[in-house]
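The values are calculated or read from the model by the stated rules, or taken from the named source; none is laboratory data. Here the structure is a predicted model, which is why all the values come from computation and not from measurement. When we count neighbours, we look across all protein chains shown, and the Cβ atoms used for this are built from the backbone with ideal geometry, even at glycine. Side chains are part of the model used for accessible areas, which takes the heavy atoms of the whole protein and leaves out ligands, DNA and RNA. Shrake-Rupley method; radii C 1.70, N 1.55, O 1.52, S 1.80 Å.
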Amino acid sequence: MAENSLIENDEENILYDLLVITEWPPETDTQQRGNREYSSSVIAKAVTGPFRLILHYLWYSPTSSFLPPGLVRLSNKQINWQLVLSSNGKLLAVVQDQCVEIRSVRDDFGSVIGKCQVPKDPSPQWRRVAWSYDCTLLAYADSTGTVRLFDLMGSELFVIPPEVSFPGDLSCAVAGLIFLEYTASVQWSAELLVITYGGELKSYLVSVGTNQNFQENHSFSFSSHYSQGITSATYHPGHRLLLVGGCEAGDESTSKASCYGITAWRALSGSPHYKQVTSYEDDVNINPKRGFFRMPILRLFSRQADEMDGVFRMSLSPDGTLLAVIHFSGRLSLWDVPSLRQRATWSQDQQPGFEEINPEWKTSLERRKKIKDKEQYYPLVDVSWWSDNVMILARCSGSVTVSSVRTLRNLLGKSCEWFEPSPRLTTAYDGGFLSLECEVKLAQKRGRLESSLSAVSSEDEDADDGGDSDSDDESSAKARYFGYIKQGLYYVTEMERFAPPRKRPRTVIKNYRLVSLRSTTPEELYQRKIDNEEYGEALSLAHAYNLDSDLVYQRQWRKSTVSIASIQDYLSKIRKRSWVLHECVERVPENVDAAKELLMYGLKGTDLEALVAIGNMEDEGRFIMPGDVDLDDLPYDDILSEDEELDIKKDKENKKRQELLDKVDFSRLTLEQKELCRSRLKLLCYLDRLATYEEILGGPHAAEQKYDAEFFKKFRSQNIVLSARDYARESNVQALDILFTYHGTELLQHRLTILCNFPETTSPHEYTILLPEATVGDNGELALIPWDEQRHREMDWCEVEECRDPELLRFRSAAPSIQLLTDWYQTRAKDIEFNSRQVDCALSLVRLGKEREIPGLGSLCDDLVTMETLVYETSCELSLTLKDLQQRSDIDKLRLLMKNSSSERYVKDSFQWMVPFLHRCEGETEGASKSLLREYLVSLSQHDLTLPLIIFQHSKPDCQQKIIGDPDQLMQVALECIYSCERDNQLSLCYDILECLPQRGYGLETDITSSLHDQVDKLEKHLSVVEVLEKHGLQKPISFVRNSQTSEEEAKKLMVKLCRHNGRKTPPVSETVWRGLLQDLLDMQQNVYTCLKPETCHQVFVESLLCSSLVENVRLAGQLMHCSKVNQDVPVSLSFRGKGYTTKVPYDNSVELVLAAAREYFNSSTTLTDPCMHLARACLQLITDCPPAIQEELDLISALSQLQDFSVNILPLQVRLRSDRLSLIKECIAQCSKAYKQSATLLNLASLLRVAGDDGSSRKGQVLTLLAEQALQSPDFKASYIHCRDLMSAGYSAAWDVCSQLGQCEDYGDLQARQELLAFSLTHCPPDHIHGLLAASSDLQTQVLYQAVNYQMEPASSPPGDETDPAKSSPPALGSSVGKAGDLLHRTTAKTMEVLTTTGMTTKAVLTAVSDHRWWKESINYLRPLQGHGAGATSREGACENSNLQRQGCSPFYQDLIDDPYVDPSQDVYSSYKVVLQEDFAEVLLRTGKLAEAKTEGQTLFPATEGPISSLLLPCAFPFISQGHTICGELGTQRGE
């Protein structure tokens, strides 16, 4: 994108200008005709070819004599002179025939600063010139290969001769002359490469200065690569590449660059010194070369069409990335450097404008002949660079274009720029380039007519074009053949006997010119075109670039005589009104018609249309012509007479004039409108004088012959009375008659005086018509016959009274009044100042009026004096006018006076400007001086006290000359200035002002003097407070102290801010500083802030110590407050004993301060280990008796530690702000799966967090509930039961839920505990949960009863010697209450009970059928006394249980403390109490049956009415009946519901 934008910018058209820098004197030269070096005849070439080939291999090296024909052809088309620009663009070398001129850019290459003398060269086109890299040396090589070195003065330093040189052998000529920078040794200044067309390279080390010498460095030959030699060479310093051009290779296996004859060679530091660099195509080419040897191509007979193409000229772009190459065939190619990849190529017929011929040749007789062979002018002859992407191309025809590298579009415009044929170019510099051209003309021959000259010239041209070829009609074929042989022999041997007949040489004149084509701005080119009087091109530029075309017409108008045509062609096209009016008024044409037309043109531009346009700001300074007044659209066939048409037109004009006059307010004309009116009046006066002059000369026809421009220029400006006097002295009666007739208003009042100027020798009869004449009037009295006056025209609109300035009309009086005189002085002074801006002139007029006792000028005089001071002394704004100043107030005037006064000159300026102004104001209004000075100083003081201090310092009591002389005024203004200052860094200036005030007892005392001194004393106290604040780094303005001294809130805020600011200092301040701060606080309170109590200062100070984030300051604060209610405090530190330090902060306030500081530290902490947490703890520990609030904060800090132990990461502030502290306990339980085993820790944490406030039972219940729930979920039923038991014992009713969950948990096997849990739940649950809990309780009770039944049955059914543990005999856990109850009953109930046989079929049944049919019999057996199961039997059965002594023997009382103990049966005193009463078992049995019956809602009936059963159960049924019926009734009721 950047490259594209660059190309787009480069392809913008270039605005340029051609300048001829210098033109050398013409040179006369002779040109030989015929005898071309290379004949176009095939026969001649056939004859001479073998001889040339033999001579080529016998006498010369393989590449010495055969140069490519294309190179020779193009080189010979170049002009003899050359020019080379240095690399920095500051020096130019112009190679002439016998010298080389060196020119400098200082005078735009206009003069010669050095000249190098060189011998005349027979082949000047084959010379080379090169500048050194530092532009201090110039190398020159002639066609023989000899190299000369010159300095800038033109002195020849040394000559480097060629090794071998043969006359006429151009292969020794230099194709490349290149300077290289040499840094290997300080002995040599540079390295010079000399490359010949034969392909030989020589490197020389050159030295200048005291040791001028050269030395051959190395040599190299390109002949192995270029068999026909090289044709061009250039060097790329950036890549250290030598780019060489020659003939095309013709080998398809090589790269495209090599095929075109272009190779790149890398410069090496050692042998072989140069190595060919492969191009881009060489790197990517995969075709191998076809062999190592190539046969040389020998061309004995070559034609122009078969010539081998090659490189003629190469040029590197300024940035070194592109290489432009011109080929023999006219092809132009572009190559990337250093890759040598072809960027673009254009053959000759593809190049835009290649066939164009200079249009001037068609009109030149000499050059018209050249157009016949115009193909020879098509090829490119030179290439250079305008910029990195724009080339400069020159052709043999002389056309030069600046073309884009992308499209070859000519950026100079539609056509190229034409020079003489084959111009030489330089690279572009400073937006332009130089070109050297040579204009060749035939010399004029004596004694010939133009016709014969034309014939001879034509013959010469034909002979030159045709060479020596003769017509077939003039000689035979034999003669022609011998002529060819003779020509070939001469070409080979150069013997005179074979020379063809010589033709007379022709003489030509060569004019060499150095031309600069430079890009320019439109303005520069426009002005240059005007200076060169190229008005047409200048107007085209003006229209194209929107320039002011007035400059063209102004120049044309000034250079032409004034005529009607010039007015129409030039003056009418100028738009600037002031310039046109100046020309119309000041210029006097040479004829009367032109003079009249010029004046009339000026009047048209000053008519009412222009006046209205100026008033409406629509003119833009243009010369506005009035619009044509057209008639209304009349029918075509209506024919009006001339009089009628004239009347209609006049009416239209009058109507339009009146409309325009109505739009103009002549009392409010602007300066431009007034100037327009003045110009119109002057033009009307000149037009009247011209008409008068025509009449004096004898009429319009006579005036055309007798008009004298010089006389009229004097006559029109001269006083008319003076002109009449001159005519009277000349006795020109006719002229006086005309003057009296047309200018009677000015002259008739001087009629007699004018007549007195007739010479006495003149007869009165000659001027009889001028003599006064009397006649008898109608009243019979003699009266003067009035003169018959006439006018040349009607009165113009600008001559009527209404159009004149009404302000001046009121001053027309022969005896003006005093008031009118005052008004005139004031008006005239204001006009002088407004129009001329010369205040001194206006002031002089007013002062002269005052000297002449004109009243009412005092105020204006004062304003003008102030204005004079502002304009001439204070350097105020130049746009300030007297009107603006008078509209300002006095205080604004004073500020304006002192605005630009510096502090160094402020005192001087105050006495020179301010004090006189105050005196003038005091003279106008009494007391204005004091008020103005006070207001001015107070306004200054708001931003800075520097300048007011200067005023006060020069108003001290001991000053001889005081600005403020009144002491009371001085104190008043000083106090107000100090208190009005809004800046906080002016304390030193305030003290300086305070020192300027008078002491008590100085001077006379007035009523307010004492009060002012009291205010000054208060000011000192206020300043002391500001000083304290500034000492501690807290700056405040003085007004702040005064405004806050009565506000308790503001005063406390100030002290808090001061103390806090002191605590935030880095590094921390010492105890001494804190001590000083406390003393400063107490001083501030005592002197200024009396609204505060000293105790408040102590509290603020202690609070700041506590909040200073330093433990040392916290401890220091503890010494300044009561830390216990019982006054058992630590004594005050010795450093704080003394004035003010014995007072301590009361205990209650101390607690509040400590709590506030501790909470602030706590809230700002991020973790428990944060330093602020340590500070919070330190603050809390200051209060020794630890009240509840303090303890709560300490507990909160301790709680953070326990929260961290439970991995609960939370900000301390979040802990404080957590309204539900129980949620923190929940987070701890969630983080730890075994938290239910740490009940004591969590209860302690809840206590620290103040869960449930001060309600300890509620706190414990909430925590234990959470722990019981977690233990239940683990599951750890034992731990959960322990927590539930604690809850039940505490009577925490909210725990019914967790108790019910644990009581209903079938996995928990402790049935008794579950009964307790369900009983608690039934007691405290909500009413809607009673139904479910009762059902669960009955199921659980059934399981307990079955367990009791099984406990009684299993010992009877067990075999002898099998002892069963009652705890182990409990049934296994059941999946459901119904199913498991049925399983229990399966082992204990008889199959024969039909009422129970159907319970296994329903999910509602509690009891199921069993297979044991002897259940009731066995159960009834339990109602009888047991036999054989006494205590003694048990003792005997276990007598031998511990015979191996493996179990620990212990007392039965301690058996629960030892794992697997052995209890001695002899000591078992508790077993005798395990007696099951018959009533208990019967009760259990009866209740079990009834519960089962209730569970099945009466479907399963218990057979209590059977004989055996009823007889056995009846005695024990009564206690159970009531209870059983109650339970069954409840269950039945619930089931029914």
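Here the simple spin-label model places points 7 Å from the Cα toward Cβ, and for Lys275 and Thr30 these points are separated by 5.7 nm.
The trypsin sites (Lys or Arg not before Pro) of region 900-956 meeting both criteria, a DSSP state outside H, G, I, E and B (loop) and at most 14 other C-beta atoms within 10 angstrom of the site's C-beta, are Arg905. Rg over Rh for region 665-716 works out to 1.21, both radii taken from alpha-carbon positions and Rh defined as the Kirkwood radius. Across the options Ala139, Trp188, Ser203, the greatest Cα extent toward the positive end of the charge dipole of region 78-237 (unit charges at beta carbon of Lys, Arg, Asp, Glu) belongs to Ala139. Phi angles across region 342-357 convert, under the Karplus curve 6.51 cos²θ - 1.76 cosθ + 1.60 with θ = phi - 60°, into 3J(HN,Hα) values of 5, 8, 6, 8, 10, 6, 4, 6, 8, 7, x, x, 6, 9, 6, 10 Hz, Gly and Pro given as x.
Full extension of the chain between Val20 and Glu926 gives 318.2 nm of extra length, using 0.36 nm per residue less the Cα-Cα distance.
If you average the sequence gap of Cα pairs under 8 Å that are 6 or more apart and divide by the length of region 860-968, what percent do you get for the contact order? Averaging sequence separation for qualifying contacts and normalising by length gives 20 percent for region 860-968. Placing +1 on each Lys and Arg Cβ and -1 on each Asp and Glu Cβ, with no other charges, gives region 1284-1353 a dipole about its Cα centre of roughly 160 debye.
Tell me which GluC sites (Glu not before Pro) from region 501-544 have a DSSP coil assignment and no more than 12 other beta carbons within 10 Å of their own.
Glu533
With the whole protein complex present, Val733 retains an accessible surface near 20 Å², based on a 1.4 Å probe. Between the beta carbons of Gln1448 and Asp1307, assuming R0 = 25 Å, the FRET efficiency works out to 0.15 to the nearest 0.05. Taking label points 7 Å from Cα along the Cα-to-Cβ direction, Asp1014 and Val1126 give a separation of 5.5 nm. A Förster radius of 51 Å, combined with the Cβ-Cβ distance separating Lys1226 from Asn1043, puts the computed FRET efficiency at roughly 0.40.
Which trypsin sites (Lys or Arg not before Pro) does region 1016-1064 hold that lie in a coil by DSSP with at most 16 other beta carbons within 10 Å?
Of the trypsin sites (Lys or Arg not before Pro), the ones in loops of region 1016-1064 whose Cβ has at most 16 other Cβ atoms within 10 Å are Arg1064.
Evaluate the distance, in nm, between pseudo-label points positioned 7 Å from the Cα of Glu1027 and of Glu1005 along their respective Cα→Cβ axes. My value for the distance between the label points is 2.6 nm. Taking Lys and Arg as +1 and Asp and Glu as -1, the other residues whose beta-carbon sits under 12 Å from that of Leu18 total -1. The amide H of Tyr182, built 1.01 Å from its N in the peptide plane, has Glu191 as neighbours under 5 Å, considering only residues 5 or more places off or on other chains. Proximity of backbone amide H atoms, modeled 1.01 Å from N, is registered between Tyr1462 and Gln1448, Gly1449, Cys1450 at under 5 Å, excluding neighbours fewer than 5 places apart on the same chain. Can you give the local net charge around Ile509? Use residues other than it whose beta-carbon is closer than 9 angstrom to its beta-carbon, Lys and Arg +1, Asp and Glu -1. The answer is -1. Measuring r between the beta carbons of Lys663 and His943 and using R0 = 51 Å, the FRET efficiency lands at 0.50. In terms of its alpha-carbon gyration tensor, region 818-902 comes out prolate; a/c meets the 1.5 threshold, and the first ratio a/b outweighs b/c.
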